[in-house]
Structure formats: C-alpha cells, structure tokens
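**Q** Supplied in structure tokens, the structure appears directly below.
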Protein chains: 4
Amino acid sequence: PEVSPSVEARVLVINTGGTIGMTYQDNVLRPEANAFVKALRKLPILHDEQYAEQTGLYDFCPQEQTLVLPLSKQNKRVVYTVLEYSPLLDSSNMTTDDWAKIGKDVERHYEKYDGFVILHGTDTMAYTASALSFMCEHLGKPIVLTGSQVPIFELRNDGRDNLLGALLIAGQFVIPEVCLYFHNKLYRGNRVTKVDSGSFNAFCSPNLPPLANAEVDIKINWDTVWRANSTMKFQVHTEMNRKVGLLRLFPGITTETVKAFLQPPMEGIVLETYGSGNAPNNRADLLEELRKATERGVIMVNCTQCLRGTVTVSYATGQALSDVGLIAGRDMTPEAALSKLSHVLAMRDLNTEDKRKMLSKNLRGEMIADFEGAKLSLRDS
Amino acid sequence: PEVSPSVEARVLVINTGGTIGMTYQDNVLRPEANAFVKALRKLPILHDEQYAEQTGLYDFCPQEQTLVLPLSKQNKRVVYTVLEYSPLLDSSNMTTDDWAKIGKDVERHYEKYDGFVILHGTDTMAYTASALSFMCEHLGKPIVLTGSQVPIFELRNDGRDNLLGALLIAGQFVIPEVCLYFHNKLYRGNRVTKVDSGSFNAFCSPNLPPLANAEVDIKINWDTVWRANSTMKFQVHTEMNRKVGLLRLFPGITTETVKAFLQPPMEGIVLETYGSGNAPNNRADLLEELRKATERGVIMVNCTQCLRGTVTVSYATGQALSDVGLIAGRDMTPEAALSKLSHVLAMRDLNTEDKRKMLSKNLRGEMIADFEGAKLSLRDS
Amino acid sequence: PEVSPSVEARVLVINTGGTIGMTYQDNVLRPEANAFVKALRKLPILHDEQYAEQTGLYDFCPQEQTLVLPLSKQNKRVVYTVLEYSPLLDSSNMTTDDWAKIGKDVERHYEKYDGFVILHGTDTMAYTASALSFMCEHLGKPIVLTGSQVPIFELRNDGRDNLLGALLIAGQFVIPEVCLYFHNKLYRGNRVTKVDSGSFNAFCSPNLPPLANAEVDIKINWDTVWRANSTMKFQVHTEMNRKVGLLRLFPGITTETVKAFLQPPMEGIVLETYGSGNAPNNRADLLEELRKATERGVIMVNCTQCLRGTVTVSYATGQALSDVGLIAGRDMTPEAALSKLSHVLAMRDLNTEDKRKMLSKNLRGEMIADFEGAKLSLRDS
Amino acid sequence: PEVSPSVEARVLVINTGGTIGMTYQDNVLRPEANAFVKALRKLPILHDEQYAEQTGLYDFCPQEQTLVLPLSKQNKRVVYTVLEYSPLLDSSNMTTDDWAKIGKDVERHYEKYDGFVILHGTDTMAYTASALSFMCEHLGKPIVLTGSQVPIFELRNDGRDNLLGALLIAGQFVIPEVCLYFHNKLYRGNRVTKVDSGSFNAFCSPNLPPLANAEVDIKINWDTVWRANSTMKFQVHTEMNRKVGLLRLFPGITTETVKAFLQPPMEGIVLETYGSGNAPNNRADLLEELRKATERGVIMVNCTQCLRGTVTVSYATGQALSDVGLIAGRDMTPEAALSKLSHVLAMRDLNTEDKRKMLSKNLRGEMIADFEGAKLSLRDS
C-alpha cells in the first residue's frame, strides 16, 4: 500500500553507550561499535523502511544514521538520527568531560531537532541527567535520557520499550526539561536515582511525582513540568569543577577520615547526613574540621542519606551543621547536589558568598522551593 | 473487678534515647532524662497499674522502672523493665562504644529476660541494628530495636504503636535475631535502611521480606526467620575496628580523593559502587590506588549504591574491582557491610586472608547465601 | 501546672457503632452501649480531664458526652461531643434510613460545630460515605467518617489513631466534603472502597489521590479538595429510592438471571461490566432485556468491575451497552454509583430524561469531569 | 552465519481473540481473522525465519501456523504453533462453551506439546483462567493465559512482551498449573482479578504472591507453585452448570431483589458480602430467603467484596450467614468461586451434601487451606 507523507518530528539520538547496545563477549557484557543502528533497522517497531524509501527520506538525511518510527497514535512520524560516540562508553566510565561533550552536541544541533534522546548506561544515568540539567540554561526542548537493564539484542529486554517511549516523548511533547524515561515513566532528570539493579523498574524520583506516565495512554502531568519563565537564548555551560566529593556520615567515623577527605585540593563536598539532615553535635573535633573547611572556603551541602525526605533544622543535631557553615540541600538527591555543586563552583565570576547563595536557590526544579513548603500549611483555617 | 495473675513474659527495655522520648526545648527537639517511664505509666495502653498492684508486681521489681502491659491477645502479660541510659542520646551521636554498651547490657541481663527491646533514634538505628547483629553470637532470644518519628509526648505519634508492637513480639515469640520493628513490620536488623525522614513508614528491608507483619493479627514469616543451627552459648563480641570508612563512587571522582580516603590508618572500606557492583575500568590510576590498598592489607567490600540489588560480576566494569582485590558484598546494605567489616577487622586471631574469607560468608543472615541464588534457577526443566 | 484556655474547635462525633467500639461476647464481636465515651475518658491521648475541669468545660456541655483533646500542634483544643446511636449498629446492618438519620443529625447540629466525625463500621463505610456526599448539598464544613479494624478496647488497635486523626482534621481544616479518614489518609468519601479485610490499611481511593496525608505532618492536597462554587445554604436530602440494585456481569450469565433481576419494581441498576465498560455484544437476548428495561424507564449506569479505570466507549462491546440506553459511569466506584442512583431516582420533580442527565453529571466530585479528560491530551504540541 | 539446531520446546498457542490481535475499524477496536500469525512473522523478536528454514522446521509443521523464537537465555528454541479460533472473540463475548472448547483443545494436543499459551482478551481472562483450572484435573504441564491492553499492531504495546514471556515460561518451566502471565508476572490463574483497565499492570493476585517474576531474570517462586501430588492421567471436565449467579450485597438491598435473584432455576450463587464475610443479621426476611434457598438445594458460597482478605466467622453478622447455610469461600476471588461452583454443580454423581463438601475443599490452590492458617500462629512460644 502507498504510504502518504505525515507530519514529521525530528529527534537526535546521541548514543553514548550503555547496556542497551551491549553484547556478550567472553561472558562479559561489552559495548559494540556500529552495531546499534543496524540492529534497529531490522526491528519494524523502531523503523519503517517502506516509509523512508517512499517519502525519499534518505535524500536529505544520511541513510546509515537515520531511521523513522511507524505512525504514532498522535498521527506523527518521528524521524530520528543516531549520533554514535566512539568509543562507546560503559556508563561507569563516564566522566565530566563526557557530560560536556553531550552538552556541546545538543547545543550544536539544537535548532535542527525538536527533541533529543541520550542513550546511556543506567549506572550513572542519574548523575549525567543531573549534570546536564545544570549545564543547560533556558532549555526550550526536551532532552530525554534513557537506556536499559537488558541489551536490546537479547530476547526479553526493556531497551525497545524505553527507546520507543523516549523517542515519542522527545518528538511530540513540549517538555523543556532534561528528563529520564524508564519503564513507562518520565522523570525530571535531576530528581532521579537508580534504586534497583535487578528490575526493569530501575529508577525512582523519590521526592517528586513523575512528569508523565506512559501506560495505555501517555499522560503528561503538566502541573509538574518545569517552566523556565524565560525567553532567553538556550546556552550550555560545560565547565564543571571536579574538586568535589561525596562524604557519607556513619557512626564511629573518625575525625581523621573527615580531615583526610576535606584536605586540599577539595573545594566542595556533599555531606550525606542522617534523617532530616543530622550529624553528631557532641563531636567537637569533627565539627571543628567542618568549620575549618568552611573557613578555607570549602562549600558543603547537607543532604540526607534517606531515599525520601528533606533536610530541615528541627533537631539539635541538625542545628550543629548549620552553625559550622553547611548549606541545607533540602530534598535534593546526592546526584543532583553533587553536580549542582560542581556546576556552581566552576562559575568564574562569582565569589564564595555568591556561590553559596546560588546553591541555596532552586535552579532547575532540583529541589523544593520555599513557597511550596509554605503552601502546604498556609491554607488551614 | 479482680485481676487474676497471668502467664507473664519478661522484657528488658534499654532506652538509649531518640525521638520517641524527646521534648521540644527552645523549638528544638531534645531528649529529657527520667521522663519516659513516668509518661508511660500514665498511658493505660502501655501500663496496667491495677494488675501491677493486685499481683504484687512491685514486690520483686523496682517500681520506678517496671511496667506491665494489659493482657495480650495471646493471653499473656508482658512485664517490662526500663533501663534508661544517662545521658540519653540523640542517635546521631551514637558511637561504637555505645553499641558495645548495649551489647554488654543485653549479655548481663540475658538470662533474666525472654526478650529485649532497644529504644533508639531512627537516624542511626539501622547501623546499630547491624552492629548488634554481628556482636551477638549464638543469640537465642529476640532483640528488637524500635523508636519513632514523632515523640510519644505529642498528640499524634508513632511511638506508642512501635513500642507496643516491639514489646509484644520480644515477649511472646521466639525469633532469635536482632530485629527492627517499625510501622507494623518486623525486619531483620542487618537488612534495614532508613528510607524516609518524613513518613511513619521510615524503614525498609530492600532485599529481604519482613520477618513479621503486625496488622489485624501478628503474622510471623517463619520461613524467613534466621536459625543459627547452634546450641552454643550466647556471647557478645564488642570490639569494633573504627579504622573503616564508606566511600561512594561518582563520575569524576579524582584519584586524589580516593588516595586521600584510603591513606593510613584506614584498614577497611565499603566502596559504594554503581549498579551490580561496577566502577570505572578505564581509570588505571584509580584502580592502581585500590590495588595498592589491597596490597597494604586494606580490606575493601563492594556494595551497590542502589537501594535494591546484588553485586555480581557480569560487566567488564565489575570485573575490574574484583581484579584489584575487592570482596563482593552481594546484597548487603552499606550499614551492614560497614559494621560487619568493623566487626571482622577487630578479630585478633585472624590473619588478613581469614578476615577476607569471613567477610565473604553469610554470618547472620545479612546477605544472600550462595545456595539461595542456586535455588532460584535449578529447578527448571 | 495551670492550663490556660486555648482556641477551641467544636466537633460533633456521631457514634453509629462499628468495630471501633465493639467487645467480645461469646467469642463474637458485638457493639456495647454506653461504653465508648467511658473508655475514651480514660485515654489521655483522647481526653484531657485537667483542661476540661480547669476551664469549666462541663459548665456548658454535658459532662457525660463531652471530651477534649490535648493541645494540638496547631495550638488548638478540639472539644468533641459524642452522640451515640441506640442501638449501636454493626455496619452490615446499616440501611438507607440510618443514612437519613445521620444526615438529619448533621443538619440539626450544623451551626453549632466546626466539623463532624461519624464513627461507623468499616464494612459499609464506603456506601455510607457515598450516600452522605449526595445527601449533603452546599456543604461548607468537613464530615469525616472513620472507624477501625480492631476495637479500641484491644491492646493493639487502629481505633485510637483513626479517631484522633479524624478529630484533628474535622476540627482544624476547612475541607467542605464528606470524607473518610483511615490509616493516616483522608479520602473523598464517594471515591473510596474497602479493599482489605485484614489490614489496617483497609481502604483505597482507586481513581483519586488522597485529600490529605497525615504522617509526621498533616499535609492537605488543596488542589484536590472539592469546591462547591456556591454560597447557597447547606441542606440535606434524605430521600433515597431503594428500588435499585447492583448486577455484576460474568461469562455465562443467563438471560433469565438478568430478566429476573430487572423485573419490576426495580427502577435503577448499576451494571458492573468488564474492563472499560464492556458487555457481550453477541447476546441479542440479553441486550434486548436491557433495552426493554430502558424502555420501561429503568435507569442503568455502567460501571467497571475493575478496581481502577474508567468506562469509555472504545470497544465494539462497549458500544452495545450505550446503544441499549446505559449511562457511562466513568470512574465511579459501584458504591458511589449506587447511592447516586438512589439519590437521583428519589427526586420527585425530575422526569426520566432529567434524571438521566443528572446521573451523567459530576455532582460531588464522585467522577472525572469531561474537561479533566480533555486537559490530559490538549497541551501537546 | 549458520544456525545450528538447538534443543527445542514445543508450545501450542490457542488464539481465542482479544485486544492483543485487534485492529481499529470505524474507530472501534475489533478482532481481525488470520492477521495475527502474519504480523508475528514480521517481528524478529517473536520469530526467527532463518532458523526455521535452515533447520527444515516447516518440513514437519504447517508453515502458516508455526513460528520459532530466537535462542533463549536458557539455550532453547521455543517452537510454537498457533491455533486460531474462528470467529475470534472479544473476551466479553466468551461463554462457558468457549471455555469447554479451549479445554478440549488442550486435551487433544496435550501429548504433543510441552506447554500451552492461551491468547485471550483481558476483560474476562480471570474468569477463563479460573474455569480452566477446575476443568483441568491432574495437569502436568503449564497452561499460560495472556493477552494485552494495547494491540500488538500498535506502536507502543504490551502484547509483544506478554506473548514472549508466556511462551518462554510455557516452553521452559515445569509449572503444572493454569497460570496467567501479565506485565512481567506469572500468577496462579484462579487467584487473579483484573484491577486496572488503563494500565499495563492490569491484573493482581490479591491473596497469593506471584508464581514468578520475569524482570532482568525469570525467577520462579517454587515454594508457591502448586503440586497436585498425583500421577494420575490428565483429564478435562468441560461440563459447567450455568444456573449460577453472583449477588453483591449493599445496604438497602430489598428482600424482593434477593428473592427474585434466587428464584428457580437458580442452583447456586456466590454472595459477595461485606468485610470478613458479613451480611445483615437484623434482616429476618432477607435471611429467611437465603434459608429457603438452602432448603431448596441452592448452594451459596460466601465471598468478600474486598479485594484482599478472607471470609471468617468472628462477627455476629458473619455467623448469621453460616447459620442459613452459606459455605465460607475463604479467600477465593469471586471469579474463582463462581467457576468452582459452576464446575461442582455440574458433577452428576454427587449429591448436594457431597457438592457442599467439595466446595469447602481446596481443589486447585484456589483458596487458603486450613493448615496454612494454622501454621501462622502455631509456632509462637
């Protein structure tokens, strides 16, 4: 049958690597170069060759990189071009430079596409999603990270559905955020954390409901989608300060450990504290090390070890940390806090106090804003 | 009406402090000495004064410390004696010495009681529960930790129900484990982690179902309850090596950070890795630091950052850590891994290799045993 | 210590009976008259006798019926008066007359109280909550139904917390709805259904999020709270047409069964259909019986057997029911649909067509409104 | 590359119809004949044509009906033959005759296949699964029902994964039960109910954990898998008594309604009662109708309206039903209770008392057995 040309959406897929495209070599999963697009081309769910040929799609787009989805329920064709990184990376090997590269690639192709999908390993996907959210200022198009727990080359896998859902959302909905799509849910990128290494339902967004649920229908929770309130030009800030660290408190942690961790060249740390942001307040030596670090200009953000919850100051033990200079990270994930810190510390024209202020502000929907907390209790009689 | 004497169970309650007994002072929650038992005495749910007087309970037990529950559904009276620590501790201030003190107090009173309840702040309760599980060898009676998110002195609180449930279980069921009871569920102590700082449902046991559910009825999952297979005498090992640490990997972590963290006097660390136990395998410098640490005799255990899941070796990036000497922590929580490490490193008559072997073994039900994994796949045709 | 008078809120508690106040007699749970207030008076959590006496509370309120909560976090005193029904009813025995009595009692005392709590057995609580929501027009104060799975007289029970939470919400928040409070959650009354007979978490509101969560803090979801958009006077319509029924489809249901069920004097039925509102479309005889009933003036509402979901018309088998005259019940629970039907059929000045129209409308937030469905898909680009 | 022959498993797929194979015609979903296998043949995930040709698969199996999966993780090839019913049925149109036809088809092909997959609409799948479980006696091979919420012909759908998972389980695991596979979970067929009409996660098994979870790995819960304890020959009993009905109690139900529903020729009903099996005990007229029905030989089974829970006799209102002759349905779903009733009433050589006894017994794992309840409380000290 003849295929008539449809309204088309253009999506750039940046394939950085990850399980989704891995194959078994010597009984260990490894990424394989130039194999992914070839595999997709054979899956009718993810590519409609007949449409591509009949509409002359390859006249304008490089054939070896371009694919097109079958007609969507919204009556659109999502045409997608895959940009594969070389070498392909296991996400455990991802660095801040790789984040910058992704950011720059989105910036370079920003005008030509309606949305972006980043294929990425699940292991550090929450870190990359957080970092990209801070790198991207005045974003007006969706950037959707996805990947899978099982390679798309295996019989039972979650890669097909994750890729398909990410493409449909990136191509068809104006959600101007860095997002993460996994197992039928779309999350804000700087709100997620990987919570399960053995289930298809690998991620959760502990302190924010999903932006969308893609079950029988795709339902967007528009009230939750972030609006930048800005018409300024999109730009990408790729500089990240790597002199940062994550320190998790535990009972019996020695002052030597804290001191060793805070020693120069460390410039900022996320302290993973207990409960609502608590630390020992009877450990004068330990608190003294934190105070000294603050005085040296080290910036420290207080985040909780708990999956869910917010750092507040209602216990004596929480007050102590505030007194020695820690910034309340409210309900940020450690992943978001760390990349925000890395991002803010890299800003050249800010002094320490400015940086501390910026860290206290909600920049990209990564933490609960003051007014939201207020809203919860104000309306009672 | 006359009250007839019932079958009685004896429980020792060790009140270490924590939110359950805190009061607001200057708008900040603080523990208050000698207030807890007085408060309980006024709550008919938690104390039956009439029974105490009519049966002459105070003839044998110190009145200011002894309370008795109303008759239980199982037709028993749980008589409990409260041993309050001085000073009362916020659990953020808890140290390894405090763990030892609790262990010693259980040992001292072991013969006189049917079970033990430890009142404890929620912030580090999972750490204490893990530590106590390793300290207690050949345990034959229940030790149940509990506490609350809201003080028992406030109007709406979870302290009453948590204490009541813990007492009923410690006094009436032979569950020879260190457990944690919270929000109608009994968990194995070395399997829990605090996951929510704002909900009554604060804990979860990500890789093991609860030992019991206390809803309309108390239902024990006997198949999950740990059996020591031993008739040896109960003993408490209180020595803990504090030269241990928790290091969480993140993309961009510098080799300097790792090196600083691993420097002497550090003797053991839990490395919180990605996914199924992965770390960068393209960071020769970083892996070299880990290898050097192993060679110096530092023992490192590989645990996942994910809430749920097991450390396996199915990715190239996971293999790298095994190669430089890390021990697979399987599905242990970081809390369990850290206290197990601290416990094993303190054993004087073991050499490094023995300690590594012991860390690889399932000692107190803290991790999945090999045979369990096997069982899952063996029976298919 | 002296107790100073506080801002007081007045709540009327109508105790209709139910498990919350039952005792065991001959090994079977039965309600006991005049026992409930006496029991509450002894629970310091639910009554502060000292405050009552020092502030002369009993000078104005009958002592044997009036209690006062300890000071709430919101710095208020909830003074509550218990009106006990005689006889106390097991909720299985509740009839439409009892609903009317409750409605009339609320109306009679409407001006004197800030809120109302209805104690009720759990078995038919969802039916009563639905019925009251339709009976009460232009409601401006909270009516909160609650009860418990285990009697308040037993050692471990959920009655204390349920009653306490219901009182605090009814007395302190302006939620002008008939609600149901259970296990730390406040639901819209005509959205709930009992889903578990053995857990404290007995109810759920399958198609609407809770109106409030009462965990460590009471958080009201104000966006979900129903606003009547009306300043008209509160009134109660107690007439209910009892010639209604619930018929659940199942494969193999005979036409005789349907015919017998629909025979006069039946005037309205809720048909519990499959999935999204489907029924056999190849059973001409069965459909003919439904058509004949419609022609006789019987009004039939189509609700799904599924716990969650909405009746739509996207299958051929769903279309068939629409063709023979059934009204789409959208996402109403069977409990809500039945009481709405009973309520609308009792309206004397409406003809059949008017009644059908009224049943298609969202009257009290009991079903999704058209615009909401629209909102879900409209904003995509 | 050459494909070497693998160990093969044979599965018979009986395609009865349902959403999985539907297409839109005039904006309404309808089944389309002879389209399903053709569609599967084009999906590389569900058919490996190269293997089929190279191994001469079509020499022995009819080409137009036979497909073969790619190599599974367990190193097997699942070869499956599709038997398509004509006409294809919307599951809303399924009757007891259709159940019998499925049962007979399984019986006819029983020896030639390792397992069976029944494709079926989701609307009445739980009824069919229950009915088949009773029809099949001494079953030694898996019968797995599945289907989907979205047709396999649409872009995003759950049909591919459901079919794939069902085939892998039916072909590779010895689970001698009638099961239902949906959204990565395998349930016992007579324990499921459809709970969501708009989510991929459409089914649940409220009173029994899943038999298997198919996430990253397929994990069978062997302890839950039913063992018939029998080496007797498999046989299928297709007779079902259709003179049965489901009657749901609600407050205000009139005696006329009950009487009309119970009138001859009705021979058995499932009464959906409140909570733990309660009904009004103050409605002498209504109870009298039930008693009369019992005396006429009508058999009535008491099941709860609650999704989760068990019918017990601990309330006065529950006792009343037992007194008028109802059989406690314990934790059976209404779907299971109805088909069990239909199955038992069709047994010709049993008298009424025998039938009542048989209904009280656990026949196919459809309800909790006595000893299980006992086990829960016995081991406490």
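What follows is calculated from the coordinates using simple rules that are stated; it is not laboratory data. From a predicted model like this one, the values you see are computed outputs, not experimental measurements. When we count neighbours, we look across all protein chains shown, and the Cβ atoms used for this are built from the backbone with ideal geometry, even at glycine.
**Q** Explain nothing, just the number: relative contact order of region C:255-305, from Cα pairs under 8 Å at least 6 residues apart, as a whole percent.
**A** Relative contact order of region C:255-305: 55 percent.
**Q** I need the fraction of alpha carbon pairs in region D:245-295 separated by more than 15 Å, rounded to a whole percent. It would help to have the intermediate numbers written out before the result.
**A** Details: 533 of 1275 pairs.
When all Cα pairs of region D:245-295 are counted, 42 percent exceed 15 Å.
**Q** Then there's this: Could you work out the relative contact order of chain C? I mean the mean sequence separation of Cα pairs under 8 Å and 6+ apart, divided by the number of residues, in percent.
**A** Answer for chain C is 14 percent.
**Q** Given R₀ = 51 Å, what would the calculated FRET efficiency be for B:GLN50 paired with B:ALA284, taking r from the Cβ atoms and rounding to 0.05?
**A** 0.10
**Q** Beyond 19 Å, how much of the Cα-Cα pair distribution for region C:131-183 remains, as a whole percent? List each step's numbers first, then the result.
**A** Numbers: 462 of 1378 pairs.
Tail of P(r) above 19 Å: 34 percent of Cα pairs.
**Q** Any chance you could give the angle, 0 to 90 degrees and rounded to 10, that helix B:284-296 forms with the longest Cα principal axis of chain B?
**A** Between the helix axis and the principal axis of chain B, the angle is about 60 degrees.
**Q** Can you tell me the dipole magnitude for region D:118-179 around its Cα centre, using point charges on the Cβ only (Lys, Arg +1; Asp, Glu -1), in Debye to the nearest 20?
**A** On the way: 3 positive and 6 negative charges, 26 e Å.
That gives a dipole near 120 debye.
**Q** While we're looking at this one, here's another question. Long-range amide H contacts for D:ALA9: which residues qualify at under 5 Å (H placed 1.01 Å from N, peptide plane, sequence gap of 5 or more or a different chain)?
**A** Amide H to amide H, under 5 Å and 5 or more residues apart or across chains, D:ALA9 pairs with D:ARG77, D:VAL78, D:VAL79.
**Q** Quick one: Debye curve from the C-alpha atoms of the protein assembly as shown, no solvent, what's log10 I(q)/I(0) at q = 0.07 Å⁻¹?
**A** For the requested q values the scattering log ratios are -0.85.
**Q** Continuing with the same structure: Spelling out what I want: for every residue of region A:25-42, take phi, set θ = phi - 60°, compute 6.51 cos²θ - 1.76 cosθ + 1.60 (Karplus), and round to whole Hz; glycine and proline get x.
**A** 10, 6, 6, 10, 6, 9, x, 10, 6, 6, 9, 5, 4, 4, 5, 4, 4, 8
**Q** With θ taken as phi - 60° and the coefficients 6.51, -1.76 and 1.60, list the Karplus ³J(HN,Hα) couplings across region D:161-173 in order, rounded to whole Hz; mark glycine and proline as x.
**A** Couplings: 5, 5, 5, 4, x, 5, 5, 5, 6, 4, x, 10, 10 Hz.
**Q** Moving to a separate point now. For D:ARG108 and D:TYR58, calculate 0.36 nm times their separation in residues minus their Cα-Cα distance, and state this gained length in nm to one decimal.
**A** Working it through step by step, the gained length comes to 15.8 nm.
**Q** From the helices alone, meaning DSSP H stretches of at least four residues, give me the mean residue ellipticity at 222 nm for the protein assembly as shown, per-run term -39500 (n - 2.57), in deg cm²/dmol to the nearest 500.
**A** The helix-only estimate for the protein assembly as shown comes to -8500 deg cm²/dmol at 222 nm.
**Q** Would you work out the charge dipole size for region C:85-151 about its Cα centre, treating the Cβ of every Lys and Arg as +1 and the Cβ of every Asp and Glu as -1, and quote it to the nearest 20 debye? The partial results should precede the final answer.
**A** On the way: 5 positive and 9 negative charges, 26 e Å.
Rounded to the nearest 20 debye, it is 120 debye.
**Q** Please go through region C:1-76 and write out the chymotrypsin sites (Phe, Trp or Tyr not before Pro) that DSSP classes as loop and that have at most 15 other C-beta atoms within 10 Å. It would help to have the intermediate numbers written out before the result.
**A** Values: sites: C:TYR24, C:PHE36, C:TYR51, C:TYR58, C:PHE60; in loops: C:PHE60.
Within region C:1-76, the qualifying chymotrypsin sites (Phe, Trp or Tyr not before Pro) (loop, at most 15 other Cβ atoms within 10 Å) are C:PHE60.
**Q** Mean separation of Cα pairs under 8 Å and 6+ residues apart, divided by the residue count of region C:153-212: what relative contact order is that in percent?
**A** 26 percent.
**Q** What nm distances, shortest first, do you get from the label point of C:GLN74 to those in the other copies when the point sits 7 angstrom along Cα to Cβ?
**A** 4.0, 4.1, 5.8
**Q** Sticking with this structure for a sec: Using the 10 angstrom Cβ neighbour count as an exposure proxy, how do A:LYS76, B:LYS194 rank, fewest first?
**A** Ascending number of Cβ neighbours within 10 Å: A:LYS76, B:LYS194.
**Q** Let me ask another. Averaging over every viewing direction, what projected area does the convex hull of the Cα atoms of region B:192-324 cover, in nm²?
**A** With every direction weighted equally, the projected area is 12.2 nm².
**Q** Return the subset of C:LYS76/C:LYS141; D:LYS141/D:LYS194; A:LYS185/D:LYS38 for which the Cα-Cα distance in this structure is over 20 Å, preserving the input order.
**A** Listed pairs above 20 Å: D:LYS141/D:LYS194; A:LYS185/D:LYS38.
**Q** Please list, ordered by chain and number, the residues whose modelled amide H lies under 5 Å from the amide H of D:VAL150; skip anything fewer than 5 residues away on the same chain.
**A** Correct list: D:ASP158, D:GLY159.
**Q** Starting from the eigenvalues of the Cα gyration tensor, five times each then square-rooted, give me the equivalent ellipsoid semi-axes of chain A, largest first, whole Å.
**A** On the way: eigenvalues 330, 95, 71 Å².
So the equivalent ellipsoid measures 41, 22, 19 Å along its semi-axes.
**Q** How big is the Cα convex hull of region D:216-259 in projection, averaged over all directions, in nm²?
**A** Over all viewing directions, region D:216-259 projects a mean Cα-hull area of 8.4 nm².
**Q** Strictly greater than 19 Å: what percent of every Cα pair in region C:71-194 meets that?
**A** Everything past 19 Å amounts to 45 percent.
**Q** Putting +1 on Lys and Arg Cβ atoms and -1 on Asp and Glu Cβ atoms, find which of A:PHE261, A:PHE234, A:ASN282 reaches farthest to the positive end of the dipole of region A:232-381.
**A** Most positive-ward Cα: A:PHE234.
**Q** Say a label goes 7 Å from Cα toward Cβ at C:ASP349 in every copy; what distances in nm does this one have to the rest, shortest first?
**A** Taking the point 7 Å beyond Cα along Cα→Cβ, the inter-copy spacings are 7.0, 7.1, 9.5 nm.
**Q** Run through the other copies and list how far each one's label point is from that of B:VAL174, in nm with one decimal, shortest first; the point sits 7 Å from Cα along Cα-Cβ.
**A** The projected label point of B:VAL174 is separated from its counterparts by 3.6, 6.2, 7.0 nm.
**Q** Give the residue list of trypsin sites (Lys or Arg not before Pro) in region A:6-72 that are DSSP loop and have at most 13 other beta-carbon atoms within 10 angstrom.
**A** Answer by residue number: A:LYS42.
**Q** Apply the Karplus curve 6.51 cos²θ - 1.76 cosθ + 1.60, θ = phi - 60°, to the phi angles in region A:117-127 and return the couplings in whole Hz, x for Gly and Pro.
**A** 10, 10, 7, 7, x, 6, 4, 10, 4, 5, 5
**Q** Can you tell me the FRET efficiency between B:LYS292 and D:ASP217 if r is taken as the Cβ-Cβ distance and R0 is 35 Å, rounded to the nearest 0.05? All intermediate terms of the calculation are to be shown ahead of the outcome.
**A** On the way: r = 36 Å, r/R0 = 1.03.
With R0 = 35 Å, the Cβ-Cβ based efficiency is 0.45.
**Q** To continue, here is another question. Over all Cα pairs of region C:187-256, how is the pair count split among 5 Å bins, expressed in % and running from 0 up to the last occupied bin?
**A** 3, 10, 11, 14, 16, 16, 13, 8, 4, 3, 1, 0
**Q** Within chain B, what is the longest stretch that has no GluC sites (Glu not before Pro) placed in a DSSP loop and near at most 13 other beta-carbon atoms within 10 Å?
**A** Working: sites that count: B:GLU2, B:GLU64, B:GLU239.
My reading of the result: B:65-238 is the longest stretch.
**Q** Something else about it: Return the long-range amide H neighbours of B:ALA212 (sequence gap of 5 or more, or a different chain), with a cut-off of under 5 Å between placed amide H atoms.
**A** The list, which skips near neighbours in sequence, is B:LEU186, B:ASN221.
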